[in-house]
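**Student:** Take this structure, written in structure tokens, and hold onto it; I'll ask about it next.
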Amino acid sequence: MSSTAHDISTPAPPRLEEVSDGVFGYIQPDGTWWINNTGFLAGSRGVVSVDACSTERRTRAYLAAISSVTPQPVRTLINTHHHGDHTFGNYLFEGATIVAHEGTREGAIAWGRPFDEPYWTKVEWGDVEIEPAFLTYTEGVTVWVDDLRCEVRHVGGAAHTTNDSIVWVPERRVLFSGDLLFNGGTPFLMQGSVKGAIKVLDEVIAPLGAETIVPGHGPVGGPDLIERCVGYARFVLATAEKGKAAGLSPLELARETDLGPYAELSDSERIVGNLYRAYAELDGAGPGAQIDLAAALDDMVTFNGGQPLTCRA
């Protein structure tokens with residue numbers, strides 16, 4: 001484990017962790033709103049990066065960290081899903097082929113330029129240009145780093161979003177999970193599916209047998225991360241079932257809910273958005289179906305005392 005050169009003073013310096021020979025996680029504390037993890041695989045002729053960062057300065061610091069390991073260029077950039085903390089920095093990977101699921105390209109274009117207020121505190125985004133993936137797949141693609149096989153696969157259904165992909169390095173038992181997994185932060189399922197997350201984690205992710213997992217947010221972990229995130233999703237679903245039966249709105253239910261073992265997770269206001277998604281599914285909406293995201297975000301702000309959600313990106 002080592003700290004990297006950076007120009008980011010809060011919440012803490014990003015760090016590089018070599019999780020396997022030539023395979024690195026780039027961990028950005030504290031993993032809260034818009035502060036994501038990335039990673040890369042260094043080959044003899046080029047680098048494969050898994051995701052970009054949310055702001056210009058964070059992405060430039062990440063590129064500097066890559067340069068501290070290898071002089072080779074980033075030839076391939078994989079986006080695990082469309083959210084801006086993983087894609088806004090794409091434009092800084094000059095010359096790289098940007099690869100993602102078709103829905104990731106569509107989602108990045110639909111989201112457009114970054115914004116913060118009124119939902120998040122002010123962020124210094126930099127001169128972000130939207131640069132969506134231009135090599136897309138429906139199910140997956142295999143990327144090679146020298147003779148190391150990296151399987152880039154859409155997970156087959158909605159979970160964190162409708163377009164989540166993983167990067168699985170079977171020879172090393174290393175998984176880059178994107179935001180299918182959080183470590184220390186509250187999983188966020190508002191744009192995906194609560195039931196779908198349980199299914200994907202149980203039926204797609206767990207059977208891989210990953211020994212080392214670089215989650216989308218939070219410290220590097222192991223397979224226990226899967227059980228913890230599944231447990232949270234099951235908690236959300238069970239809570240939603242009781243709340244609907246009692247006639248409570250998602251916000252009312254969130255205010256009455258004892259988070260129990262999940263109270264220690266950061267960004268606890270996500271319970272509101274997650275309950276919006278769970279309610280929709282209990283009403284018969286399909287995984288990833290459109291819901292009123294603005295209403296959900298408004299209620300998350302209300303839950304947060306009427307203040308924008310804290311973002312230190």
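**Student:** Any idea how many residues of region 117-141 are of a type in the set (S, T, N, Q) and either farther than 30 Å from R312 by Cα or open to solvent by 80 Å² or more (accessible area, probe 1.4 Å) (or both)? Walk me through it before giving the result.
**Tutor:** Of region 117-141, the ones of a type in the set (S, T, N, Q) are 121, 136, 138.
Among the residues that remain, those that are also either farther than 30 Å from R312 by Cα or open to solvent by 80 Å² or more (accessible area, probe 1.4 Å) (or both) are: 136, 138.
Within region 117-141, residues that are of a type in the set (S, T, N, Q) and either farther than 30 Å from R312 by Cα or open to solvent by 80 Å² or more (accessible area, probe 1.4 Å) (or both) number 2.
**Student:** Modelled with pLDDT of 95 or more, part of a helix (DSSP H, G or I) and within 21 Å of A313 (Cα to Cα), is that true of H82? If you could, list the steps in order and put the result at the bottom.
**Tutor:** Values: modelled with pLDDT of 95 or more: yes; part of a helix (DSSP H, G or I): no; within 21 Å of A313 (Cα to Cα): yes.
In short, no.
**Student:** Then there's this: Out of region 217-236, which residues are under 20 Å from L16 (Cβ atoms) and surrounded by fewer than 16 Cβ atoms within 10 Å (Cβ to Cβ)?
**Tutor:** Answer for region 217-236, where residues must be under 20 Å from L16 (Cβ atoms) and surrounded by fewer than 16 Cβ atoms within 10 Å (Cβ to Cβ): just G222.
**Student:** Could you grab me the full set of residues in region 154-185 that are surrounded by fewer than 24 Cβ atoms within 10 Å (Cβ to Cβ) and within 14 Å of C229 (Cβ to Cβ)?
**Tutor:** Within region 154-185, N183, G184, G185 qualify.
**Student:** For region 257-307, which positions are surrounded by fewer than 17 Cβ atoms within 10 Å (Cβ to Cβ), in a loop (DSSP other than H, G, I, E, B) and not aliphatic (A, V, I, L, M)?
**Tutor:** Listed by number, the residues that qualify are D258, E264, D283, G284, G286, Q290, D292, N304, G305, G306, Q307.
**Student:** Considering region 156-206 alone, what residues qualify as being in contact (Cβ under 8 Å) with a residue 24 or more places away in the chain, acidic (D, E) and more than 22 Å from Y26 (Cβ to Cβ)?
**Tutor:** D202
**Student:** If only one of I66, I98, I27 is touching an Asp or Glu at 6+ places or on another chain (Cβ under 8 Å), farther than 20 Å from V141 by Cα and open to solvent by less than 10 Å² (accessible area, probe 1.4 Å), which one is it? Don't jump to the end; show me each part of the working.
**Tutor:** Working: I66 fails: touching an Asp or Glu at 6+ places or on another chain (Cβ under 8 Å); I98 fails: farther than 20 Å from V141 by Cα.
Just a single option satisfies the conditions, and that option is I27.
The values are calculated or read from the model by the stated rules, or taken from the named source; none is laboratory data. Values in this document were obtained by computation on a predicted structure and should not be read as measured data. Here the Cβ is made from the backbone with ideal geometry for all residues, glycine too, and neighbour counts use every protein chain on show. Just so you know, the surface numbers come from the protein's heavy atoms only, side chains and all, with ligands and any DNA or RNA stripped out. Shrake-Rupley method; radii C 1.70, N 1.55, O 1.52, S 1.80 Å.
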